[in-house]
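Participant: My structure is below; once you've seen it, I'll send some questions.
Values quoted throughout were computed directly from the atomic coordinates according to the rules given, and no laboratory measurement underlies them. Because the structure is a prediction, the values reported are computed rather than measured. For neighbour counting, all protein chains shown are included, and Cβ atoms are generated from backbone atoms with ideal geometry for every residue, glycine included.
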Amino acid sequence: MHSRLLTFLDNSPVNFLAVKNIADILTRAGYRQADPRLPLGQIAPGDRFYVTKNDSSIYAFHIGTHPLSQAGFRMICAHSDSPTFRIKPNAEMLSEGGLVRLNTEVYGGPILSTWFDRPLTIAGRVIVRGANAMTPQTLLLHVQRPIMQISNLAIHFNRQVNDGVKLSKQKDTLPILAIVTDELEKGNMLIRLICSELNIQPSDILDFDLYLADATPACTFGIHDEFISSGRLDDLEMCHAGMEALLASAQPEVTKVLAIFDNEETGSQTKQGAASPFLASMLRRIVSAQGGNEESFCQAVERAFMVSADNAHAWHPNYSEKYDPTNHPVLGGGPVIKFNAAQKYASDAVSAAVFAEICREAGVPCQRFVNHSDVAGGSTLGNILASSLPLSGVDMGNAILAMHSCRETGSVADYEYCVKAFTKFYNEPCTC
């Protein structure tokens, strides 16, 4: 099972490609793509469809046999984005000796030093001319070979490098792309690369959203191959586990929803983020297509349950002092329920009990995470989504090491546990 996850990680270096790959898998499994600009039409039990927003978020629905107003819905949420570097416009910077660097800006909160001295590539979307100014076309790009590197300064010029170095995001993290060998290449190397990869002309390009990505494939390691090493485990592991469970679960009594948002790493305040009204709008439209009204929608929300799936921090044996003394999940110990007294997470005693019982019924171990009281934690999707769509729900994830590193470490067993728990969640019978 985890081999499919590794393939998905390799094929999904950025949010746009992750969403495309999920859409392709759903289509092959019999889901149809709906256009949110058009009426949904009549929706019947058993219908399966998905919609996308901004090419970077995707929402899949499997309509249950019971009306939403009576049964609510079961929702798993995750996010498609991960910390990285975005390529700026007019990005090429020519240096002495013909060295060309790319001007970038940081996206999210990466561990900057982990991006140094490793082969990197480019992925994202390129916007080209369409039929008119209001309808440009989108092409996805993934250069599937190493083409750049962010190189460290030699220790001989910085003897204190192992004592800790403050890095400039504008100066120190610019990747080296090439050496100019032809005058015609000056200022055009990135555009020429894009055109070569996509078989288009420079005049076709209107703009792009391009990002750096680790070019080294995802892999397992450990004596028993028990660990997963890859970029973007946070949060593509949860995206893939949710999709696997959606496809593995049976024809539901309760409507199943898989919501993959974008921009969690920058606060979710976008039209494709968890703070957007887009998902609530789609659920309202589904209720309406079933003959319901606003009252039916409100009833559905009150009967719903959300699993906000975003990976958690695994206990690190070298830094035990950073963790809560009694609530520090370990790799291989099963899915992690996350708690926070300041309500950074959606979990409460009731929702945690529901998810823990689902894990027990699925034969899956379950862990708890609470921050060390002197160490500030982050937030995630659950409480942001619940602020606009008042869902009962739990924040959870799999435990990983080196969160926001260029390469994170997870557990093969935890991924498989999570798919089992999610499948059980989707298959739970209606309580109406």
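Participant: Nearest 20 debye, what's the magnitude of the dipole of the chain about its Cα centre given +1 on Lys and Arg Cβ and -1 on Asp and Glu Cβ?
Facilitator: Working: 35 positive and 45 negative charges, 109 e Å.
Roughly 520 debye, rounded to the nearest 20.
Participant: If you count, for each residue, the other Cβ atoms within 10 Å and average over each peptide, how do 281-289, 403-411 line up from highest to lowest? Intermediate results must be reported in sequence, preceding the final value.
Facilitator: Working: 281-289: 18.7, 403-411: 22.0.
For the peptides 281-289, 403-411, the packing ranking is 403-411, 281-289.
Participant: Evaluate the charge dipole of segment 320-432 about its Cα centre and quote only its size in Debye, nearest 20, assuming +1 on the Cβ of each Lys and Arg and -1 on the Cβ of each Asp and Glu.
Facilitator: On the way: 8 positive and 11 negative charges, 20 e Å.
Its charge dipole is roughly 100 debye.
Participant: Using the Karplus equation 6.51 cos²θ - 1.76 cosθ + 1.60 (θ = phi - 60°), what ³J(HN,Hα) coupling, rounded to whole Hz, does each residue of segment 77-94 give in order, writing x for Gly and Pro?
Facilitator: Result, rounded to whole Hz: 10, 8, 9, 8, 9, 9, x, 6, 10, 9, 7, 6, x, 6, 7, 6, 10, 7.
Participant: While we're on this one: Place a label point 7 angstrom from the Cα of Lys322 along the Cα-to-Cβ direction, then list the residues of segment 364-406 whose backbone nitrogen is under 19 Å away.
Facilitator: Residues passing the 19 Å test: 368-380, 397-406.
Participant: Of Phe422, Ile194, Ala131, which is farthest on the positive side of the dipole of the chain, counting Cα position, with +1 on Lys and Arg Cβ, -1 on Asp and Glu Cβ, and the Cα centre as origin?
Facilitator: Highest projection toward the positive end goes to Ala131.
Participant: If you don't mind, there's one more thing I want to ask. In Å, what Rg and Dmax follow from the Cα atoms of segment 34-119?
Facilitator: 22.1, 70
Participant: Among Ser249, Ala259, Leu283, whose Cα projects farthest towards the positive end of the dipole of segment 244-287, with charges put on the beta-carbon of Lys, Arg (+1) and Asp, Glu (-1)?
Facilitator: Leu283
Participant: Continuing with this model, one more query. What chymotrypsin sites (Phe, Trp or Tyr not before Pro) in segment 252-323 are in a loop by DSSP, with at most 11 other Cβ atoms within 10 Å of the Cβ?
Facilitator: When the chymotrypsin sites (Phe, Trp or Tyr not before Pro) of segment 252-323 are filtered for loop state and at most 11 Cβ neighbours within 10 Å, Tyr319 remain.
Participant: Using 0.36 nm per residue of separation minus the Cα-Cα distance, give me the extension gain between Arg37 and Ala341 in nm, one decimal.
Facilitator: Numbers: separation 304, 0.36 × 304 = 109.44 nm, distance 4.06 nm.
Net length gain for the segment: 105.4 nm.
Participant: On a full-extension model of 0.36 nm per residue, what is the gain between Ile155 and Ala250, subtracting their alpha-carbon distance, rounded to one decimal in nm?
Facilitator: Working: separation 95, 0.36 × 95 = 34.20 nm, distance 5.79 nm.
Between Ile155 and Ala250, full extension yields an extra 28.4 nm.
Participant: What are the ³J(HN,Hα) couplings of segment 333-348, residue after residue, when phi is run through the Karplus curve with 6.51, -1.76, 1.60 and θ = phi - 60°? Round to Hz, x for glycine and proline.
Facilitator: So the J values, rounded to whole Hz, are x, x, x, 10, 8, 9, 10, 7, 5, 8, 6, 6, 10, 7, 5, 9.
Participant: Now for a different question. Which ³J(HN,Hα) values in Hz, rounded to whole numbers, follow from the phi angles of segment 102-114 under the Karplus curve 6.51 cos²θ - 1.76 cosθ + 1.60, where θ = phi - 60° and Gly and Pro get x?
Facilitator: 10, 7, 10, 10, 6, 10, x, x, x, 7, 4, 5, 6
Participant: How much length, in nm to one decimal, is gained on full extension between Ser168 and Thr266, taken as 0.36 nm per residue of separation minus their Cα-Cα distance?
Facilitator: 33.3 nm
Participant: Using a 4.7 Å cut-off between beta carbons, which cysteines in the chain end up with no partner cysteine at all?
Facilitator: Those would be Cys77, Cys195, Cys219, Cys239, Cys298, Cys406, Cys418, Cys430, Cys432, since no other cysteine Cβ in the chain comes under 4.7 Å of theirs.
Participant: Show me the ranking of peptides 41-53, 110-122 by mean Cβ neighbours inside 10 Å, starting with the highest.
Facilitator: On the way: 41-53: 16.2, 110-122: 18.1.
Going from most to least packed, we get 110-122, 41-53.
Participant: How many nm is it between the label spots at Leu94 and Val106, if each spot is 7 Å from the Cα in line with the beta carbon?
Facilitator: 3.1 nm
Participant: Report the paramagnetic label zone for Thr65: residues of segment 230-263 whose backbone N is under 16 Å from a point 7 Å from Cα along the Cα-to-Cβ axis.
Facilitator: Hits in segment 230-263 for Thr65 at 16 Å: 249-256.
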